[in-house]
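First the structure, in the form of structure tokens, and then the observations on it.
Since every read-out is calculated from the coordinates, none of them should be taken as a lab result. None of the values given here were measured: they were computed from a predicted structure. Neighbour counts run over all protein chains shown; Cβ positions are idealised from the backbone, glycine included.
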């Protein structure tokens, strides 16, 4: 039987900033909320979310003999996370400036699994990072790491919401488990709702309408709704940069999350003149490859058209 302390010690040694351990079980309440969100159509163009719904909230359907869910968090906050000048027209979400977190976290989680297996040879498990059908944020709440903020993201008391989550589901039990993080510490703060340029945050629900979310419009399959990208060309940090918990959070400590480039130094022309080869050589290990250079250049073009229309309307 595993001790939670040994899991957390091993996670910290690998570079995780937080770790929680919870018994594997079906998250019925979260499952029903997710179904209601889908039924309301708030997933817009993200049709893949309609698949594997049961698996998302039941670890036993993902890992045979699942007994324990280990949730790990690591900060990626950098100076880029703190926001852009108001006139900057090619903004990139700060996580997009680093090595692809899917790769980094998978490596860290597999290292954690291998470390635990040294003392527990029969232990087996599977690592999940974002792309698989796992409700990471809900499991993080169950494991006591934080709460779901109004902007639908997990907020931790110390590191805010500029964190990546990884989940390791294993086939052994722990002697004890962490308690669920109860309640919310957002208080009466509405900074994220007021900062969202497209009003994509659903009032009172701690969920997002992806049809109005800039991150979805710039990265995922294009929703049918027409919105102003507000200068964002990949992702969006608007609802995070304004959060008081992020203002007080320390900068990241793990060197794998050091920014590989600074979008604040790049003008629209720098992106438009960039070749596919330059993109691959300089940005090929970042999450920007998910959308690709052509999509990024199209996002900039969309923004330039919006600016021209605004100017024309003002002159009229």
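State the extension gain, in nm to one decimal, for the chain segment bounded by residue 13 and residue 267, taking 0.36 nm per residue of separation less the distance between their alpha-carbons.
Length gained between residue 13 and residue 267: 87.5 nm.
Please report the Cα spread of region 146-270 along all three principal axes, rounded to whole Å, starting with the longest.
57, 37, 32
Stretch residue 298-residue 26 to full length: gain in nm at 0.36 nm per residue minus the Cα-Cα span?
Length difference between fully extended and current span is 93.8 nm.
Please report the base-10 log of the normalised intensity I(q)/I(0) for region 63-221, using a Debye sum with one equal scatterer per alpha carbon and no solvent, at each q in 0.21 (1/Å).
-1.55
Please label the shape of region 1-148 as rounded, prolate or oblate, based on the square roots a ≥ b ≥ c of the eigenvalues of the alpha-carbon gyration tensor (a/c under 1.5 means rounded; beyond that, a/b larger than b/c means prolate, else oblate).
oblate
Give me the angle, in degrees from 0 to 90, between the Cα long axis of helix 101-119 and the longest principal axis of the Cα atoms of the chain, rounded to the nearest 10.
Taking the Cα atoms of the chain, the angle to 101-119 is about 10 degrees.
Quick one: helix 4-14 against the long Cα principal axis of the chain, what's the angle to the nearest 10°, folded into 0 to 90?
40
Assign one of three labels to region 118-179, namely rounded, prolate or oblate, based on the Cα gyration tensor with a ≥ b ≥ c the square roots of its eigenvalues; rounded applies when a/c is under 1.5, prolate when it is not and a/b is larger than b/c, and oblate otherwise.
prolate
Which percent, to the nearest 5, of DSSP beta bridges fully inside the chain are antiparallel?
Working: 23 of 26 bridges.
Expressed as a percentage, antiparallel bridges in the chain total about 90.
Pop a pseudo-label 7 angstrom from the Cα along the beta-carbon direction at both residue 184 and residue 60 and give the gap in nm to one decimal.
3.1
Starting from the 7 Å offset along Cα-to-Cβ, what nm value, one decimal, do you get for the label separation of residue 6 and residue 282?
4.9
Under the classification rounded if a/c is under 1.5, otherwise prolate if a/b is larger than b/c and oblate if not, where does region 169-217 fall, given a ≥ b ≥ c as square roots of the Cα gyration tensor eigenvalues?
Oblate, since a/c reaches 1.5 and b/c is not below a/b.
For the residue pair residue 114 and residue 82, what label-to-label distance in nm results when each label sits 7 Å from Cα along the Cα-to-beta-carbon direction?
Placing both labels 7 Å along Cα→Cβ, they lie 3.7 nm apart.
Give the label of the value calculated from the structure for Cα extents along the principal axes in Å, choosing from (1) 53, 42, 37; (2) 72, 41, 36; (3) 53, 46, 38.
Given (1) 53, 42, 37; (2) 72, 41, 36; (3) 53, 46, 38, the calculated one carries the label (2).
In whole angstrom, note down how far apart the Cα centers of region 143-172 and region 92-128 are.
Answer, in whole Å: 15.
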